[in-house]
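Below is one structure, written out as structure tokens; comments come after it.
The values are calculated or read from the model by the stated rules, or taken from the named source; none is laboratory data. Computed from a predicted model, the values in this text were never measured in an experiment. Positions of Cβ are generated from backbone atoms using ideal geometry, with glycine treated the same way; all protein chains shown enter the neighbour counts. Only protein heavy atoms, including side chains, enter the accessible area calculation; ligands, DNA and RNA are left aside. Shrake-Rupley method; radii C 1.70, N 1.55, O 1.52, S 1.80 Å.
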Amino acid sequence: MLLTIGIITLLLFVTFISSYLSDPRRVINGFWFNLFFCSLLIFCCILGYSTGNKLLMIFALFPFAILLFIATFGFFALSVALFLNARVLMKKEGRRFSNALTLFLGIFLLILFINQIINPERLLSTSLQPLYAGASLIVIYFFLHLTNFLTAYMLYQFNRPKYNQDFIIVLGSGLINDRVPPLLASRINKAIEFYWKQKAVTLPPKLVFSGGQGPDENLLPEAEAMQIYAVNNGIPIEDTLTEVHSVNTFQNMLFSKHLMDSLKGNEYNSIFTTNNFHLFRASLYAKKAGLNSQGIGSKTAFYYWPNAMIREYIAIIVMRRKFHTFVVGTILGFSILITLISFLFE
């Protein structure tokens with residue numbers, strides 16, 4: 001049995017590595033890694049038990065203990081943490097719907113915790129229980145998908161592009177009173193940092209500032225404000241380019257690609273910079289735009305990160321809404337069908 005699980009673990013590891021190396025910009029990478037890691041834990045647990053190695057067993061059982069905690073008190077603890085985060089975020093960033101996502105998720109998790117205690121399934125008739133089971137299965141589906149997304153996101157953070165880039169695309173995020181705000185400045189600073197590191201070993205890249213003029217940006221397009229910021233921080237203006245027509249991340253990638261193609265054809269290396277919470281989704285848009293570009297992320301204030309990650313996950317769901325609609329529709333369809341059959345043969 002140990003040999004079998006060891007072989008399965010090795011095969012899952014090879015599958016994960018092959019998938020990640022072929023393209024690190026895929027949620028499926030998180031799925032393969034999670035399968036490999038669970039298989040590794042089972043292997044270590046059995047090996048530790050058979051050899052009497054307590055440290056190996058503790059290593060293997062610790063993640064399962066965390067899962068057990070999450071299944072019992074985790075929803076309540078996490079909901080409290082999300083409520084506190086929502087309070088801090090709205091105090092610092094303002095009371096807007098986009099800043100209340102941690103609050104909404106906290107309420108949802110609190111409902112799940114109360115649901116565990118009450119167990120309303122026992123109050124339903126036998127005929128209606130398939131509907132409850134279907135709803136539970138949908139929650140489990142999105143929980144597993146979220147786990148795969150977070151794993152893929154964390155793995156992508158380890159991406160380290162080589163210092164052989166021709167271009168660095170700096171993604172816009174909006175101006176405040178026609179000035180570069182801290183969030184956007186962190187993206188530009190990350191590009192500037194990479195620029196100087198590459199220049200120390202080879203030819204410097206061109207910085208492509210991407211962002212059009214929004215309705216609340218009166219004086220100049222975002223890309224030009226970003227360019228001025230970079231030049232004021234030591235970047236030679238001849239090493240900068242501006243793309244001033246894009247209004248979202250996909251257009252940032254697509255229009256920047258057109259600009260780079262016009263200068264270098266198809267033979268060039270490029271990366272992009274954005275905030276770390278936005279990094280994985282931006283890489284998916286780069287892939288969609290036909291860019292073989294990986295990203296590097298700038299740090300984000302911790303209080304901002306949970307809300308931003310919820311927004312990113314919702315956006316990831318929307319990007320593949322047809323697939324998720326099919327899965328949810330299939331689960332609901334079977335639940336309704338079984339419920340109808342139960343009523344007919346009651």
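Once you wrap a convex hull around the alpha carbon atoms of the stretch 83-126, what is its projected area averaged over all directions, in nm²? In nm², the orientation-averaged hull projection of the stretch 83-126 is 3.9. In the chain, the calculated helix contribution to ellipticity at 222 nm averages -21500 deg cm²/dmol per residue, counting -39,500 (n - 2.57) for every DSSP H run with n ≥ 4.
At 1.4 Å probe size, what's the solvent-accessible area of SER22? Round to the nearest 10 Å². Rounded to the nearest 10, that gives 80 Å².
Shown for the chain are the DSSP H helices of 18 Å or more along their axis, judged by Cα atoms, with a mean Kyte-Doolittle hydropathy of at least -0.5: 2-22, 28-51, 54-69, 75-93, 101-118, 129-156, 182-199, 249-264, 305-319, 321-344.
Put simply, when 303-311, 166-174, 187-195, 84-92 are sorted by average Cβ atoms within 10 angstrom per residue, most first, you get 166-174, 187-195, 303-311, 84-92. Shape summary: the stretch 81-201 maps onto an equivalent ellipsoid whose semi-axes, from the alpha-carbon gyration tensor, are 44, 22, 11 Å in decreasing order.
Straight-line reach from LYS206: which lysines have a Cα under 19 Å away, not including same-chain ones fewer than 8 places off? Hits, sequence-local ones excluded: LYS162, LYS190, LYS197, LYS257, LYS264.
The portion of the accessible surface of the stretch 150-226 made up by carbon and sulfur, rounded to a whole percent, is 57 (1.4 Å probe; DNA, RNA and ligands excluded). Heavy atoms of the protein chains alone define the surface here; on that basis the chain has 56 Å² accessible area per residue at 1.4 Å probe size. Using the Stokes-Einstein relation with a Kirkwood hydrodynamic radius computed over Cα pairs, the translational diffusion coefficient of the chain at 20 °C and a viscosity of 1.002 mPa s comes to 92 µm²/s.
Each Cα pair under 8 Å and six or more residues apart adds its separation to the average, and for the chain the resulting relative contact order is 18 percent.
For the peptides 276-282, 111-117, 296-302, 231-237, the ranking by packing is 276-282, 296-302, 111-117, 231-237, with the highest mean count of neighbouring Cβ atoms within 10 Å listed first.
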